[in-house]
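A short reminder: the numbers here are calculations on the coordinates, not readings from a lab. Please read all numbers here as calculations on a predicted model, not as lab measurements. Here the Cβ is made from the backbone with ideal geometry for all residues, glycine too, and neighbour counts use every protein chain on show.
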2 protein chains.
Amino acid sequence: VAVIASRDNQRVLAARRLQLRKHRERERRFLIEGPHAVEEALVWSAPVTEVFHLWDGAGRAVDRVVALARERGIPCVPVTRPVLESLDSTETPQGVVAVSERVDVGLETVPTGLVPVLVEVQDPGNLGAILRSADAAGSAGLVVTAGSVDLYNPKAVRSSAGSVFHLPVARDVRPEAVVSELRRRGIRIVAAAADGRESVFTSNLTGPVAVLFGNEARGLPDEVAAQADTTVRVPIEARAESLNLAAAATVILFEAARQRALQS
Amino acid sequence: VAVIASRDNQRVLAARRLQLRKHRERERRFLIEGPHAVEEALVWSAPVTEVFHLWDGAGRAVDRVVALARERGIPCVPVTRPVLESLDSTETPQGVVAVSERVDVGLETVPTGLVPVLVEVQDPGNLGAILRSADAAGSAGLVVTAGSVDLYNPKAVRSSAGSVFHLPVARDVRPEAVVSELRRRGIRIVAAAADGRESVFTSNLTGPVAVLFGNEARGLPDEVAAQADTTVRVPIEARAESLNLAAAATVILFEAARQRALQS
C-alpha cells in the first residue's frame, strides 16, 4: 500500500475536515484519536470506516490496532508523521487516527435505569469524563441535549476512554423532549444543583432515575430545573469553593451506584 | 507606573523562569495564572510578591484582583499582551499572572483526619483536581510524595481552584517517611487500588485515615501498598474499563465524607 505523504491528499483532507463540528454533522462521521480509543471502537464493533496510521515505527499498540482493523476488513492507510499530526488534535499524537460513522442511539432506545442527562454542558473533557464515570457507575445510558458540546468532539471521544462505544448515548435532543420522554416512562427526575434541596447522600437514587446536569458556569436553565421532582447537591466543606462538574457528577452517579447495590 | 512592553525585561524573565520546575525549586516561588486563582491566593493571604496584569482592557475580574493586590501593598506591574502571554501557560491567558512564595507545610503540620496521599502521581491536572475534591470533601490536609508532579506546576495550581491556598499540603516527602509519620500518629492507612480487597462502600473510612493513591499507569509501588492496613477499590461496571485517577479519588474521598457525616 502506498504511504500518503501529503497533507493535501483528498482522503486526508476529507478526514481532517471532521475536526470541525459542522463537517461532522454534515458527514455523520467523526474522528477517533490514539490506539487506546481506536481499539475500544474496534472491540465494541463501532462502524469504523478507515484507519490512518504512522507508516513506520508507530509502536506495538498501534501495530496491534492496525492488525485488528485489517482482520475486520477495514481500510488501513499508512501515512507520514506530518500527515498523522494534521489529523490528530492532541499535542502528542499517538500514531493512529480512525474515522467512524456515528454510534449514538435514539432517545427511545436509551434503556430505563440510571440515566444522566447533560444539558448545555460545554467542555468536551467534562462530557467525556462524565460519560466514563456514568459507564463505570452502571448507568443504563446517557443523554446529551442540543446546545451542548458535541459528543463527537475528539477530546470528548478520547476522554470517554471507550465508553462512547458501548454505553447507549442519545444526543442532540431538546431538553423538553427528554423530560417528556422520561415522564412518559415514569422515570423520576432529579436535578443536580450546587444549592440543591437534598444532600445526594440522603436522597433516594434507586429505581428508574434520571439525573440532570447543567452548564459549567450557569447550571441548569430554570425552566428545566423546574421540571425535576427534586434537586440534589453534593455537600461540600464551607471553605472549598465548589466541585467541578465532572467531579460532582462522579460523586452523584457513584452514590446512586452505592444505593442500588445495597438494594440488590 | 511604566508599562512593560518587552518580554526580555529582567523582571519578566525572572518570573517566566518559574514555568520550569528546576527554577521553582531554586527560587522557592511559583506562578499563579488567571484572576480566579490569583484572587483565591490573595483572599487566603498567600505570600504573593508580584502581580503582572494587562495594562489595559483586561476586564472587571482582573481589575478587581489588581485593586485587591494594591490594597495589600503588593507590587502590581502593568504589561502588554505579548508579555502577559509569555508568562501564562494556558492557551487563552486571562489577563493576570502572579508570583508567590511557596505555601506548603511540613508533614508534621498536616492535621490528623482524612488525609489523601499522592504517590508518584504524574498529571498536574489530576493533582489539582484531587486537591480540589479533597478540600471539598473535608480532608484535613494532603500529602504529595517526592517523585510526583510538582504541586506548583501552573496547571496543578490552576485546577486546584484555590484549594492549594487553604488546604494544608505537604510535598516532596519520601513515601516511607509519610508512612512512618502516619503510623506514629496512629492513623489508619488505606491504599486505593483497582483490584483492592474491599469495596470502598463497605470499608470503614471514619476516624483518622490516610488514603494512598498511586501513579496513573502503574498504581502504587508494591512496597508502599504493602504498608497499608487494607486496600480499597471503587467497584465498577464490568464493561467499563476503569475510572481515571481523579474520578476514583473523588469517589473515595466523598464516600469517606458520607460515612463521617453519618457519625457526627
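Summary table
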read-out: Nonlocal amide H pairs with A:V105, under 5 Å, H built at 1.01 Å; value: A:V169, A:A170, A:R171
read-out: Estimated 222 nm signal from helices in chain A, with DSSP H stretches of n ≥ 4 weighted -39500 (n - 2.57), rounded to 500; value: -10000 deg cm²/dmol
read-out: Set of the stretch B:49-82 residues, backbone N closer than 12 Å to the point 7 Å along the Cα-Cβ line of B:H23; value: none
read-out: Cα-based shape type of the stretch A:1-76, given that a ≥ b ≥ c are square roots of the gyration tensor eigenvalues and the cut on a/c is 1.5; value: oblate
read-out: Centre separation in Å (Cα based) which lies between the stretch A:22-74 and the stretch A:167-203; value: 34
read-out: Rounded to 5, percent antiparallel among DSSP beta bridges of the protein assembly as shown; value: 30
read-out: Candidate aspartates and glutamates - alpha carbon under 13 Å from B:K22, same-chain residues fewer than 8 apart omitted; value: B:D150
read-out: Kirkwood Rh in Å, taken over the stretch A:81-133 so that all alpha-carbon pairs contribute; value: 14.4
read-out: Kyte-Doolittle at least -0.5, axis length at least 20 Å by Cα - qualifying DSSP helices, chain B; value: B:245-263
read-out: Cβ-defined net charge surrounding A:N9, 15 Å radius [Lys, Arg +1; Asp, Glu -1]; value: +2
read-out: Estimated vicinal HN-Hα couplings, Hz - the stretch B:199-205 in sequence order (Karplus 6.51, -1.76, 1.60; Gly, Pro = x); value: 5, 4, 7, 10, 7, 7, 10
read-out: Nearest-20 debye value, the stretch A:129-264 charge dipole, Cβ charges on Lys, Arg, Asp, Glu; value: 340
read-out: Bins of 10 Å, starting at 0 and running to the largest distance - Cα pair percent for the protein assembly as shown; value: 4, 17, 24, 26, 21, 7, 1
read-out: Farthest toward positive dipole pole in the protein assembly as shown [+1 Lys/Arg, -1 Asp/Glu at C-beta], among A:S148, B:A2, B:Q263; value: B:A2
